[in-house]
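Asker: Let me begin by handing over the structure; questions about it come next.
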Amino acid sequence: MAAGAAEAAAAVVEVGSTRQFEELLRLTAKSLLVVHFWAPWAPQCAQMNDVMAELAKEHPQVSFVKLEAEAVPEVSEKYEISSVPTFLFFKNSQKIDRLDGAHAPELTKKVQRHASSGSFPPSGNEHPKEDLNLRLKKLTHAAPCMLFMKGTPQEPRCGFSKQMVEILHKHNIQFSSFDIFSDEEVRQGLKTYSNWPTYPQLYVSGELVGGLDIIKELEASDELDTICPKAPKLEERLKVLTNKASVMLFMKGNKQEAKCGFSKQILEILNSTGVEYETFDILEDEEVRQGLKTFSNWPTYPQLYVKGELVGGLDIVKELKDNGELLPVLKGEN
């Protein structure tokens, strides 16, 4: 067993120079090569090195390499490595895919897919291109306003994407997003599909509006608000949420798992009544969390609503229970 473990550990090759990397690329041309660009200071990289070691045991026909991004800057710059961990996939000495970030399930999926797909199809094969165009069409139409960016609105991974998100939020524009770091095929394909070489890219009704400079111009000319769909105003949203069910509880956590003692107690009381109710986790939406305090003029959580009207917090609900009034209130009889 010890010999087997040593062999598996040795299956992930460490590359320390540009020359060594290029030689390895040439030697492994006929098979799949997976390269992990990592850094010793990043704990998520250490975890992904363990994942690589496991994958090396499962796929002996695949070559796995780890390359310290900052120690071999020539290679990192050539392949535009801007964050760690990043994984590149090579076949026939050509880069065929990329994965940015510590996504173990996605890495496993990509290794399995590329390892079983044989040779990378030559560029003359038009079928994959047709499939990609269809996929890009679906993605650009996935929401009325679609932003293709580096990272997510919560965690943008480049300054331009961050600025774009800030502008859209400032104008209360409702949009969905796609992280191009999560899919190299989409990242490269969209540049050709839209004839636009950089990111972020903003689409409305499936049509490209443009990148950050265009959005800034539209903002300056007051045209942005007429092009993009608006998110509902907070007050309208809160009205809809408080009326979502006959009995609505705004709490920390959800029915399955309360995340504070007060929320846990109010759940126990409501469950004892047998009345159906729905919950909203205020920890997952800061806008609702802060806005509802003003909307209801009630500064703390949990908050219980019946037919859109505030009943109160835990103390009020306890009082109603002790007085035998809670059930009529929940049924809307009071």
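The values are calculated or read from the model by the stated rules, or taken from the named source; none is laboratory data. Everything numeric in this text was worked out from a predicted model, so none of it was measured. Glycine gets a Cβ as well: all are built from the backbone with ideal geometry, and neighbour counts include every protein chain shown. SASA here: full protein model, heavy atoms, side chains in, ligands and nucleic acids out. Shrake-Rupley method; radii C 1.70, N 1.55, O 1.52, S 1.80 Å.
Asker: List, please: which pairs have Cβ atoms under 6 Å, are six or more places apart or on different chains, and start with a residue in the stretch 132-154 that is in contact (Cβ under 8 Å) with a residue 12 or more places away in the chain and in a strand (DSSP E or B) and end with one that is among the basic types (Lys, Arg) and open to solvent by 50 Å² or more (accessible area, probe 1.4 Å)?
Answerer: GLY151/ARG157
Asker: Of the residues that sit in the stretch 264-314 and are part of a loop (DSSP other than H, G, I, E, B) and among the charged types (D, E, K, R), which one is farthest from the chain's Cα centre (by Cα)?
Answerer: Step one: filter the stretch 264-314 for residues part of a loop (DSSP other than H, G, I, E, B), giving 274-277, 285, 297-302, 307-308, 313.
Among the residues that remain, those that are also among the charged types (D, E, K, R) are: 276, 285, 307.
Details: GLU276: 33, ASP285: 16, LYS307: 34 Å.
Across the stretch 264-314, the extreme among qualifying residues is LYS307.
Asker: Now, a different point. For residues in the stretch 310-334 being open to solvent by 80 Å² or more (accessible area, probe 1.4 Å) and in contact (Cβ under 8 Å) with a residue 12 or more places away in the chain, which is nearest to ALA258 (Cα to Cα)? Even if it seems obvious, please write down each step before you answer.
Answerer: Kept after step one, since they are open to solvent by 80 Å² or more (accessible area, probe 1.4 Å), are these residues of the stretch 310-334: 315, 319, 321-323, 331, 333-334.
With in contact (Cβ under 8 Å) with a residue 12 or more places away in the chain added as a condition, the list becomes 321, 331.
Working: LYS321: 20, LYS331: 24 Å.
In this case the residue turns out to be LYS321.
This table checks each residue for (1) crowded, with 20+ Cβ neighbours inside 10 Å; (2) modelled with pLDDT under 90.
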| site | (1), (2) |
| --- | --- |
| ILE215 | yes, no |
| ALA231 | no, yes |
| LEU234 | no, yes |
| LYS244 | no, no |
| LYS259 | no, yes |
| LYS264 | no, no |
| PHE280 | yes, no |
| GLU284 | no, yes |
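Asker: Taking the stretch 156-177, which residues are among the charged types (D, E, K, R) and either in a helix (DSSP H, G or I) or modelled with pLDDT under 85 (or both)? Explain how you work it out, then say what you get.
Answerer: Of the residues in the stretch 156-177, the ones among the charged types (D, E, K, R) are 157, 162, 166, 170.
Scanning the stretch 156-177 gives LYS162, GLU166, LYS170.
A quick yes/no check of all residues on (1) surrounded by 21 or more Cβ atoms within 10 Å (Cβ to Cβ); (2) in contact with a Gly (Cβ under 7 Å, 6 or more places away or on another chain); (3) touching a residue at least 24 places away in the same chain (Cβ under 8 Å):
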position: PRO40; (1), (2), (3): no, no, yes
position: ASP50; (1), (2), (3): no, no, no
position: ALA53; (1), (2), (3): no, no, yes
position: PRO60; (1), (2), (3): no, no, yes
position: GLU70; (1), (2), (3): no, no, yes
position: VAL84; (1), (2), (3): yes, no, yes
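Asker: Next up: Would you confirm whether any residue within the stretch 272-289 is in contact (Cβ under 8 Å) with a residue 60 or more places away in the chain and either outside the structural domain of MET146 (by the TED database) or among the aromatic types (Phe, Trp, Tyr) (or both)?
Answerer: No, the stretch 272-289 contains no residue that is in contact (Cβ under 8 Å) with a residue 60 or more places away in the chain and either outside the structural domain of MET146 (by the TED database) or among the aromatic types (Phe, Trp, Tyr) (or both).
Asker: Across the stretch 15-28, which residue is nearest to SER82 (Cα to Cα) among those that are in contact (Cβ under 8 Å) with a residue 24 or more places away in the chain and loosely packed, with under 13 Cβ neighbours inside 10 Å?
Answerer: Out of the qualifying residues, it is GLY16.
Asker: Can you name the condition, by its number, that SER177 falls short on among (1) open to solvent by less than 40 Å² (accessible area, probe 1.4 Å); (2) under 17 Å from the mean Cα position of the chain (by Cα)?
Answerer: (1)
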